[in-house]
Amino acid sequence: MGDRLANLSLAIDLLRSSEIVSKVVTSSIYESEPVGETNQGNFLNLCLSGKSEHTAFELLGFVKSVEHYVGRQIRKRWHEREIDIDIIFLGDLVIQKPNLVIPHERMHERRFVLEPLAEILPNKIHPIFGVTVQNLLDKCSDKSQVKFFKSII
């Protein structure tokens, strides 16, 4: 919602300038159809890769603070939002807690995650499935439209 590109840009700047995440690499931006609640505008998505020496829960707290700073408001699930940051992978960690699941439990079913992720980490091995991100994308049953929107400079 709002100025989608400005929200993404601010979030990326906050992540890049933090001491929590280093060596940040971003995919291009992709536009995708909404999932779940389909009576809304298209979404902009990208993936970011970086290094962190912090725990998964410290990283989760940080990305939630970035969402808050960018202006995220609490809304119903599957609805538009100012920004939404998910942790897809954290190295080869597997975490299954009520408030944090890594790898993201539905990433392999979502073309809007796999397209940008395959751009920057095509050979990353999923620690549970044992296959690459590119392989997950190639076999993804999600046929929703995801198209290139803009490169990040």
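So how strong a dipole does the chain carry about its Cα centre when Lys and Arg Cβ are +1 and Asp and Glu Cβ are -1, to the nearest 20 debye?
Computed charge dipole of the chain: roughly 140 debye.
Near the amide H of residue 95, under 5 Å away, which other amide H atoms are found, from residues 5 or more places off or on another chain, if H is placed in the peptide plane?
The list, which skips near neighbours in sequence, is 102.
Viscosity 0.692 mPa s, temperature 37 °C: what is the translational diffusion coefficient of the chain from Stokes-Einstein with a Kirkwood Rh over Cα pairs, rounded to a whole number of µm²/s? Display every interim value, and only then the final one.
Numbers: Rh = 16.0 Å.
Here the translational diffusion coefficient equals 205 µm²/s.
Out of 65, 49, 30, whose Cα points farthest toward the positive end of the dipole of the chain (charges: +1 Lys, Arg; -1 Asp, Glu; placed on Cβ)?
Among 65, 49, 30, the one farthest towards the positive end of the dipole of the chain is 30.
With just the Cα atoms defining each centre, how far is region 19-56 from region 82-153? Give it in Å.
Taking the Cα centre of each part, region 19-56 and region 82-153 sit 9 Å apart.
Find the relative contact order for the chain and round it to a whole percent, using C-alpha pairs within less than 8 Å whose residues are 6+ positions apart.
So the answer I get is 28 percent.
Give a quick list of GluC sites (Glu not before Pro) in region 64-136 that DSSP marks as loop, anything other than H, G, I, E or B, with at most 10 other Cβ atoms within 10 Å.
Counting only loop positions with at most 10 other Cβ atoms within 10 Å, the GluC sites (Glu not before Pro) in region 64-136 are 105.
With unit charges on the beta carbons (Lys and Arg positive, Asp and Glu negative) and the dipole taken about the Cα centre of the chain, which residue among 144, 134, 94 sits farthest to the positive side?
Farthest towards the positive end: 144.
Here, each number is a calculation from the coordinates, and none is a lab measurement. A quick note: this is a predicted structure, and the numbers were derived from the prediction, not measured. Don't worry about glycine lacking a Cβ; one is built from the backbone with ideal geometry, like all the others, and counts go over all protein chains shown.
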